[in-house]
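**Q** My questions will all concern the structure given below.
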Amino acid sequence: MANKCLSVVLHGGAGAKAGRDYSREIEHMRGLIEAARDALKAGATALDVAEATTRELEASGLYVAGRGASPNTDGIYELDAAIMDGHLLRCGSVAALEGFESPIAVAREVLENTFHVMLAGSGAAGFAAARGFKRIENPDAWFTRAGTFEDNHPPGTLAHGTVGCVVRDEEGRLAACTSTGGVFGKMPGRVGDSPILGAGCWADGHVAVSCTGQGEYFVKVAAAAQLAHRMRFAGQSVEEAAKAVLAEIAGLGGDGGLIAVAADGSIAMPYVSQGMKRAALTPDGRIVSAAFEL
Ligand code: ASP
């Protein structure tokens, strides 16, 4: 008999700092997992649930993505996002997108209605405008700068925040989304791992992955694709593969975390940073939500 279990994991970034109170985020993430579970039970696809959950994370203004993003050194908000459907290997992403409320929704539009997998900068913004996406009229009023209190860091330390969601639906389809404001104090035009399929986001028939952390390191080790390939070609479990990828990143001096769900519904959400805001519907139906150790 087919495995009918449902799994959902989301993250609100691995920039969590020890000693901070994340009870609001923990409550918010729990609510999103409950909503995702209900949507999946009602027959929604993994792709739709991953996108809808990520849109809510963006819209909340609580995390360093979407409304909670921080500006680059020119004071401009350039956002990145990616979405991937593991079932059909369809994907879309936007990089350094300026002026629109939901980068993940624009990435989904790239997936659905272009021949491409990624649009960047003014091309991405022109596409979003042409497709009727909601513009941000007044950035100073719109953005909450959620991570400001996580942002008192020495230059060059790549403090950061991101959101993401991975889902396995009842049919066994997998999907992943990642959306970010990037690292604090980033250069204009800087693009991290989040919108790069195979680095900060990936889904195939084996696993769906969303990463968070110092994106430069996740790009260097092709983090999300490496995790998938460890499972596919080396026979590792999702937990083993996730930990091995993060060990490599930590070995290079980077930090961060990731969430992943495998085709059998098993999940992993390890991190090598102080904490990672995260929540999950486990394959046995439990809901967990936390920022530090469980
Ligand atoms: N990985 C993101 C980036 O480098 C930041 C984060 O996940 O916190 O843009």
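Coordinate-derived values only; no laboratory data. All of these numbers come straight from a predicted model, not from anything done at the bench. Neighbour counts run over all protein chains shown; Cβ positions are idealised from the backbone, glycine included.
**Q** Could you work out the Kirkwood radius for region 152-255, taking every pair of different alpha carbons, averaging 1/r and inverting it, reported in Å? Spell out each step's value before the answer.
**A** Working: mean 1/r = 0.0712 Å⁻¹.
Hydrodynamic radius (Kirkwood, Cα only) of region 152-255 equals 14.0 Å.
**Q** Pick out which of 194, 102, 60 has the largest mean-square fluctuation in a Gaussian network model of the chain, springs linking Cα atoms closer than 10 Å.
**A** Evaluated over the chain, the most mobile residue of the options is 60.
**Q** 7 Å from Cα along Cα→Cβ at both residue 117 and residue 239: what's the point-to-point distance in nm?
**A** 3.1 nm
**Q** For residue 170, list long-range residues whose amide hydrogen, built 1.01 Å from N in the peptide plane, is under 5 Å from its own amide hydrogen.
**A** Under 5 Å from the amide H of residue 170: no residue qualifies.
**Q** Could you go through region 76-86 in sequence order and give the Karplus-derived ³J(HN,Hα) for each residue, using 6.51 cos²θ - 1.76 cosθ + 1.60 with θ = phi - 60°, rounded to whole Hz, and x for Gly and Pro?
**A** Going residue by residue, I get 9, 8, 10, 10, 10, 7, 9, 9, 9, 9, x Hz, with x marking Gly and Pro.
**Q** To the nearest Å, what is the center-to-center distance of region 155-223 and region 119-136, using C-alpha atoms only?
**A** Each part reduced to its Cα centre gives a spacing of 21 Å.
**Q** Right, here's the next one. Evaluate the relative contact order of the chain (contact order divided by residue number), counting alpha-carbon pairs under 8 angstrom at least 6 apart; express in whole percent.
**A** Rounded, it is 27 percent for the chain.
**Q** Pick out which of 253, 121, 164 has the largest mean-square fluctuation in a Gaussian network model of the chain, springs linking Cα atoms closer than 10 Å.
**A** It is 253.
**Q** Name the long-range amide H neighbours of residue 118: under 5 Å, sequence gap of 5 or more, or other chain; modelled H, no Pro or chain starts.
**A** HN-HN under 5 Å from residue 118: 93.
**Q** Restricting attention to region 246-287, which trypsin sites (Lys or Arg not before Pro) occupy a DSSP loop and are surrounded by at most 10 other Cβ atoms within 10 Å?
**A** Answer in residue order: 286.
**Q** How compact and how long is the chain, expressed as Rg and Dmax of its alpha-carbon atoms in Å?
**A** Calculated on Cα positions, Rg and Dmax stand at 17.0, 56 Å.
**Q** At a Cα cut-off below 23 Å, give the lysines reachable from residue 41, other chains included and same-chain residues fewer than 8 away excluded.
**A** Partners within reach: 4.
**Q** Spin-label point model (7 Å from Cα, Cβ direction): what's the residue 140 to residue 41 distance in nm?
**A** 4.7 nm
**Q** Can I ask one more? Under a 5 Å amide H to amide H cut-off, with H placed in plane at 1.01 Å, what residues pair with residue 202 once short-range neighbours are removed?
**A** HN-HN under 5 Å from residue 202: 209.
**Q** Please find, in a Gaussian network model of the chain (springs between Cα atoms separated by less than 10 Å), the residue of 126, 13, 147 whose mean-square fluctuation is greatest.
**A** 126
**Q** In the P(r) worked out for region 1-154, what percent of Cα pairs fall beyond 21 Å?
**A** Taking all Cα-Cα pairs of region 1-154, the fraction more than 21 Å apart is 50 percent.
**Q** Could you go through region 34-40 in sequence order and give the Karplus-derived ³J(HN,Hα) for each residue, using 6.51 cos²θ - 1.76 cosθ + 1.60 with θ = phi - 60°, rounded to whole Hz, and x for Gly and Pro?
**A** Per residue, the Karplus-derived 3J(HN,Hα) values read 4, 5, 5, 4, 5, 5, 5 Hz.
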